[in-house]
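See below for the structure under consideration.
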Amino acid sequence: MSSLRPFCLTSWLAGFAAAVLLVLTPAAQSHAQTQAAPATPAAAQSADPAPTSPSQTTVAATSPEPRGIAARALDKVKQAAKSAADIFNRVPCLPPKGGSKAMGSLPHVAGKLVAGRPVVIVAFGSSSTQGFGASSPEFNYPNRLAAQLRRHYPTADISVINAGVGGEDAPEMMRRLQTQVIDVHPDLVIWQVGTNAVLRNLDPGDTAKLVEDGISRIQAAGDADIVLVDPQYSPAVNQRAESAGKMVKLLGKVAELRHVGIFPRFEVMRDWHEKQAIPVEGFVIADGLHMNDWGYACFAQLLGDDIIRSVGQIKLGVNVPADVRTYRPM
C-alpha cells in the first residue's frame, strides 16, 4: 500500500493541474478535438503566408476572435510603419540649408482656409505626381500633402485631386488642362512639369512657352493660386545637366513673369544630397529617376509647410505685394 501512495498523489496533482488549465483556457478542449481534423477551406484562406505549426493553424480555425485582435494589432503596426514620423525618425526632413527666404504667399487658398471654406487643390503633372516609385498610393505626394493639411486644419474641408499621368510633359498636359484642371475650379494648382521634356531632349524654351500659356488660361478662368514644380535632382536628369539647368531657370522666369509660386524641387533635392549628405539612394529609387517614399514625404512636407505659413501670414494680416508671389521653402 505504501508503495502506491506516491503514485496516487502524483496522479491527483496531475488531474488538478489539468482541471486548472481547462478553466483558464476554455478553448483547449476544442483545440484538442480539432487538432486531428483536416483544415477547412476557410482556415486555409485565413492562415498567414508564413509557415505555421498544426497547433497554430488549429487555433486560427477554432478561435476567430483572438485572431481578429491579432490582425487588428498587425494592421496598426503596419500603419505606424507607414507614417511620416517613422520615415523622418530615420532620416529627418529638413529645409534647405542656407535658408532660402520665403517671398510672398498663396493668398487665395490661404484665404479660403482662414474663412473655413472648402478648398480644392489639383496636383497636375506626370509620374512624380501620379506617384511612381512610392510603395503605395498613400505615399504619393498629393496624398501626403492632403494628410498634412487635414492634420493641421482638422475642421477644414480639403480635397487634393491627383491629376498626374506618367510619361507626360507640357504638350500632353495642355490637352487635358481644361477638363482636369480648369473645369474643376481649383483654389490651388500645383503643376509639376519639365522632367520628361529634359529626358526627351525637347527644347526647354518650347516647354516654358507652353507652361506660360497654360498658366494664362488658368488665371483667366478663375482665382486659383498656382505653384510650379521643376524637375527632380536625380541621376537620370543629371545626365542631361545642361538641358535640366535651362529648364529650371526658364520655369523660374515663367513663375516670376506670371506672378505664381515655384517650388524649386531640383534645388531642394540637390541640397538633400550635397549639403545634408543624404545618399541619392535615400530619396530616389533604383531607376535613378523617381522618388521613393521618403522623397515624396519630404517633398510634400516642405510644400505643405509653405501653404501653412501662407495661412499664418493671412491671419496675422501680413500684406504681401501682389507682384511678388513666388516662394521657396524655408
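Here's the list of aspartates and glutamates a cross-link from LYS315 could span, going by alpha-carbon distance under 17 Å and ignoring same-chain residues fewer than 8 apart: ASP305, ASP306. Using the Cα coordinates of segment 91-315, the gyration tensor eigenvalues translate into equivalent-ellipsoid semi-axes of 25, 21, 16 Å, sorted from longest to shortest. Could you compute the FRET efficiency for SER216 and ARG90, with r as their C-beta to C-beta distance and R0 at 41 Å, rounded to 0.05? Calculated transfer efficiency: 0.45. Cβ crowding within 10 Å ranks TRP272, TRP191 as TRP272, TRP191, fewest other Cβ atoms first.
Placing unit charges on each Cβ (+1 for Lys and Arg, -1 for Asp and Glu) gives segment 91-315 a dipole about its Cα centre, and among ALA123, VAL254, HIS152 the Cα reaching farthest toward its positive end belongs to HIS152. Scalar couplings 3J(HN,Hα) for segment 227-242, obtained by applying the Karplus form with A = 6.51, B = -1.76, C = 1.60 to θ = phi - 60°, are 10, 8, 10, 7, x, 8, 7, 7, x, 5, 6, 5, 5, 10, 4, 5 Hz; x denotes Gly and Pro.
The Kirkwood radius of segment 175-291, taken over pairs of alpha-carbon atoms, gives through the Stokes-Einstein law at 10 °C and 1.306 mPa s a diffusion coefficient of 106 µm² s⁻¹.
A cut-off of 5 Å between modelled amide H atoms, ignoring neighbours fewer than 5 places along the same chain, links VAL229 with TRP191, GLN192, VAL193, PHE263.
Residues THR195, THR155, THR179, arranged from fewest to most other Cβ atoms within 10 angstrom of their Cβ, appear as THR155, THR179, THR195.
For segment 91-315, what is the percent of antiparallel DSSP beta bridges, rounded to the nearest 5? So the antiparallel bridges amount to about 5 percent of the total. Whole-Hz Karplus values for segment 158-163 come out as 10, 10, 10, 9, 8, 10 Hz, taken residue by residue from phi with 6.51 cos²θ - 1.76 cosθ + 1.60 and θ = phi - 60°; glycine and proline positions read x.
The modelled label-to-label distance for the pair ARG309/GLU138, using points 7 Å beyond Cα in the direction of Cβ, is 2.9 nm. Each Cα pair under 8 Å and six or more residues apart adds its separation to the average, and for segment 179-330 the resulting relative contact order is 23 percent.
By other beta-carbon atoms within 10 Å, ranking VAL254, VAL122 with the fewest at the front produces VAL254, VAL122. Divided by 2.2 N^0.38 Å, where N counts the residues, the Cα radius of gyration of segment 142-235 comes to 1.17.
Dipole size of segment 100-204 about its Cα centre, with +1 on Lys/Arg Cβ and -1 on Asp/Glu Cβ: approximately 340 debye, rounded to the nearest 20. Compared with the rule-of-thumb size 2.2 N^0.38 Å for a compact globular protein, segment 86-169 has a Cα radius of gyration ratio of 1.26. Taking each residue as 0.36 nm, the span from ASP203 to GLU172 lengthens on full extension beyond its C-alpha to C-alpha distance by 9.7 nm. Residue ranges 278-285, 182-189, 292-299 sort as 292-299, 182-189, 278-285 when ordered by packing (mean number of other C-beta atoms within 10 Å per residue, highest first).
None of the figures in this text is laboratory data; all of them are computed from the coordinates on show. All figures in this text were calculated on a predicted structure; none of them were measured in a lab. In this analysis, Cβ positions are derived from the backbone assuming ideal geometry, glycine residues included, and neighbour counts consider all displayed protein chains.
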